[in-house]
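Okay, so here's the structure we're looking at.
The values are calculated or read from the model by the stated rules, or taken from the named source; none is laboratory data. Quantities reported herein were computed from a predicted structural model and do not represent experimental measurements. Glycine also receives a Cβ, built like all others from the backbone with ideal geometry; neighbour counts cover every protein chain displayed.
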């Protein structure tokens with residue numbers, strides 16, 4: 001990941017009765033997955049990786065997850081998402097076009113989204129992320145969030161294959177707490193989560209500045225960005241305590257992420273000051 005962060009990013013359910021084209025129309029010709037055994041196997045691995053205690057305490061035990069086919073309305077949400085990304089962050093859409101070859105939809109409550117090494121290039125996204133949320137975010141914003149999140153994991157995985165970000169000895173290092181998971185994760189999970197979170201803060205700032213949003217949607221986007229900033233700082237601070245485990249490439253990515261996060265926080269402080277000044 002040598003480019004600056006802001007510049008770059010069991011089967012079940014019957015396919016739709018009138019399936020959309022396998023390639024989404026519009027600004028991103030990406031494969032829209034249909035249920036297949038290898039995708040079901042990836043979902044099975046993701047389900048098996050959820051700690052039993054976590055599944056019980058979060059209420060997702062027994063909820064499951066399953067690959068499903070795309071419906072025309074869902075393909076339309078993806079097309080709108082690509083159009084909005086092209087408007088506000090074209091470099092990110094270009095990166096997604098390059099690194100993500102397939103989008104897999106999931107039913108069920110157990111998994112919001114994930115990537116899997118054996119299906120590299122495919123990103124798995126829960127269908128709920130294509131609909132408006134209770135927090136007021138429209139479906140296309142929530143889908144863009146998911147795609148930037150999983151697409152960044154995909155890019156990190158590909159980059160780390162040729163240029164590791166962590167020294168090999170960290171494979172046996174103790175797990176650490178991370179901003180996005182309540183259970184301890186390997187250090188590589190913390191590293192990737194930190195990069196993901198910093199990119200998400202950029203995404204929501206650009207949506208707030210440039211996307212056609214209603215007043216209530218603007219407020220929801222701003223609130224989401226504030227939460228992401230907090231989590232991103234948690235990630236940067238925790239990773240900063242483990243910098244000895246970073247390779248030179250990992251240190252470069254960490255430094256860029258930390259610097260970009262400071263820039264995003266300064267922008268947020270300036271925005272808040274303007275709002276407070278307007279109310280005075």
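A few notes on this one:
Let's see how each residue does on (1) assigned by TED's automatic domain parsing to the domain that holds residue 136; (2) over 25 Å from residue 110 (Cα atoms); (3) surrounded by fewer than 14 Cβ atoms within 10 Å (Cβ to Cβ):
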{"site": "184", "(1), (2), (3)": "no, no, yes"}
{"site": "190", "(1), (2), (3)": "no, no, no"}
{"site": "232", "(1), (2), (3)": "no, no, no"}
{"site": "258", "(1), (2), (3)": "no, yes, no"}
{"site": "270", "(1), (2), (3)": "no, yes, yes"}
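- The residues on offer are 194, 152, and the sole one that is in the same structural domain as residue 229 (by TED's automatic domain parsing), buried (at least 24 other Cβ atoms within 10 Å of the Cβ) and part of a helix (DSSP H, G or I) is 194.
- One residue from 251, 230 being closer than 17 Å to residue 196 by Cβ and part of a helix (DSSP H, G or I): 230
- Unique residue being outside any helix (DSSP H, G or I), exposed (fewer than 15 other Cβ atoms within 10 Å of the Cβ) and out of contact with any strand residue (DSSP E or B) (no Cβ under 9 Å at 6 or more places or on another chain) when the list is 174, 164: 174
- Answer from 135, 112 - the residue that is under 25 Å from residue 207 (Cβ atoms), touching a strand residue (DSSP E or B) at 6+ places or on another chain (Cβ under 6 Å) and either in the same structural domain as residue 41 (by TED's automatic domain parsing) or surrounded by fewer than 17 Cβ atoms within 10 Å (Cβ to Cβ) (or both): 112
- Of note, residue 71 does not satisfy the criterion of being under 15 Å from the mean Cα position of the chain (by Cα), surrounded by 19 or more Cβ atoms within 10 Å (Cβ to Cβ) and assigned by TED's automatic domain parsing to the domain that holds residue 153.
- Qualifying position, being more than 20 Å from residue 65 (Cα to Cα), surrounded by fewer than 17 Cβ atoms within 10 Å (Cβ to Cβ) and modelled with pLDDT of 95 or more, among 87, 102: 87
- Yes/no for residue 39 being at pLDDT 95 or above and either in a loop (DSSP other than H, G, I, E, B) or under 20 Å from residue 109 (Cα atoms) (or both): yes
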